[in-house]
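Reading through the structure tokens given below for one structure.
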Amino acid sequence: MLPTPPTFTKMASMAFPVVQSPRNSTPIFSGIKEQTQNWNALKFVRGKKLLKDLSTWGIGGPCNYFVQVFHQTHLLSAIRYCREFSIPYVVIGKGSNCLFDDLGFDGCVILNQIDFLERMEPGVYRAGSGFRFNHLGSLSCNEGFTGLEFAAGIPGTVGGATYMNAGANGQETANVIESIDIVTTEGNFRTLNRIDLTFGYRSSSFQDMDNLAAIVAATFRLERSGSAKKRQQELLKRRRATQPVNERSAGSVFRNPVNLGVSAAELIDKAGLKGCSIGGAMVSNIHANFLVNNGASTSQDMLNLIALVKDKVHSKFGVELEEEVLYFHPYWNYANWER
């Protein structure tokens, strides 16, 4: 049973700008002739890489610079290039938590392809931050270890799952982390042990780490279990029945309110918003916390739908929903990112 105002406590909101994106509808780099720049064995593509191809939402225009990195030294070189030429940058994996603007991104998108996997000892896995998290979950359960059953349903990478402390069905990434390797903005590699880190619901120390450039790798310690594979299969079956797995989405858009005993999906559903659409963006009829791209959604459609959902839920229940997804303004810089 849902509480009604004023039983609900208004939640503090994350800095997710409900903005009117710059509406000169011409992408920022539409006039730039495609070119490449080579630097320290890296190839930077200028002006033509479409961010919709790097996002599970399938939304986003071209970025000014694009580069792929396959090793931690490549990652460090890409970061140094951006710092040397004062280029804002973002490191992404599968783009499953990102909303890019149709105008593009006036910075560098570094695509993390550091996807190695090492078995340190039975049940201990060290994975590159670009390694697919769902693959790690499936692999570890198939080998008879518990702790990452939920990961088989997470479409992102090891780095993204660690940064956001991804979780589902009573499990969280933080529960099985042993250590994390990072690179700092000064260009130093560091290993942080679990005791050095703080995790919460969809949060981690990394989100407040001023000198973090990127997560490079993570080491997980799992326990042996004879039932891990069966449990994972049950979770995947439930996921296929309750989530729009065949539609373009970013997963859960909103965090579940803390200590209220009700999920964001329930609030959105009870507000009568399932099936609600703006342009090509729609609240899923299967799971209300999934906003899907019906094939023609613009970034502004999705921003407007997010704002509408927040407004309706707040008006009805007095709860300020917090976003899990990150919106990247086309003219993003370090100052407005902090804001």
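Dipole size of the chain about its Cα centre, with +1 on Lys/Arg Cβ and -1 on Asp/Glu Cβ: approximately 700 debye, rounded to the nearest 20.
Charge dipole (Cα centre; +1 on Lys/Arg Cβ, -1 on Asp/Glu Cβ; no other charges) of region 201-303 amounts to roughly 680 debye.
The local environment of Gly295, defined by Cβ-Cβ distances under 11 Å, has a net charge of 0 under the rule Lys, Arg +1 and Asp, Glu -1.
The gain in end-to-end length when the Glu234 to Asn188 segment is fully stretched comes to 12.3 nm, 0.36 nm per residue minus the alpha carbon separation. Out of every Cα-Cα pair that region 35-112 contains, those further apart than 20 angstrom amount to 25 percent. Taking θ as phi - 60° and the Karplus parameters 6.51, -1.76 and 1.60, the scalar couplings of region 304-315 work out to 5, 5, 4, 5, 5, 4, 4, 5, 5, 5, 5, 5 Hz in sequence order, x denoting glycine and proline. Placing pseudo-labels 7 Å out from each Cα toward the beta carbon at Val245 and Glu320 gives an inter-label distance of 3.7 nm. Projecting the Cα atoms of Ala166, Ala152, Ser315 onto the charge dipole of the chain, computed from C-beta unit charges around the Cα centre, puts Ala152 farthest toward the positive end. Between the C-alpha center of region 104-124 and that of region 194-271 there is a gap of 18 Å. For region 56-93, the residues whose amide N sits under 11 Å from a probe point set 7 Å from the Cα of Lys43 along the beta carbon direction are 68. Put the Cα centre of region 310-331 next to the Cα centre of region 127-155 and the gap is 30 Å. Rolling a 1.4 Å probe across the protein heavy atoms gives the chain an accessible surface of 45 Å² per residue. Summarising the amide proton neighbourhood of Glu323: residues at separation of 5 or more, or on other chains, whose placed amide H is nearer than 5 Å comprise Met14, Arg255.
Ligands, DNA and RNA left out, the accessible area of the chain computed with a 1.4 Å probe is 47% carbon and sulfur.
Evaluated at q = 0.12 Å⁻¹, the base-10 log of the normalised Debye intensity for the chain, with identical point scatterers placed on the Cα atoms, takes the values -0.89.
Residues whose amide H lies under 5 Å from that of Gln68, counting only those 5 or more places away or on a different chain, are Lys43, Leu111; hydrogens are built 1.01 Å from N in the peptide plane. About its Cα centre, the dipole of region 247-322 is roughly 80 debye, where the only charges are +1 on Lys and Arg Cβ and -1 on Asp and Glu Cβ.
Under the rule of -39500 (n - 2.57) per DSSP H run of 4 or more residues, summed and divided by the residues of the chain, what mean residue ellipticity at 222 nm is obtained, to the nearest 500 deg cm²/dmol?
Calculated mean residue ellipticity at 222 nm is -7000 deg cm²/dmol.
The values are calculated or read from the model by the stated rules, or taken from the named source; none is laboratory data. Small disclaimer: the values here were computed from a predicted structure and weren't measured. Reconstructed Cβ throughout: ideal geometry from the backbone, glycine too, with neighbour counts over all protein chains shown. Note: accessible area is taken over every heavy atom of the protein model, side chains too, but ligands, DNA and RNA are not part of it. Shrake-Rupley method; radii C 1.70, N 1.55, O 1.52, S 1.80 Å.
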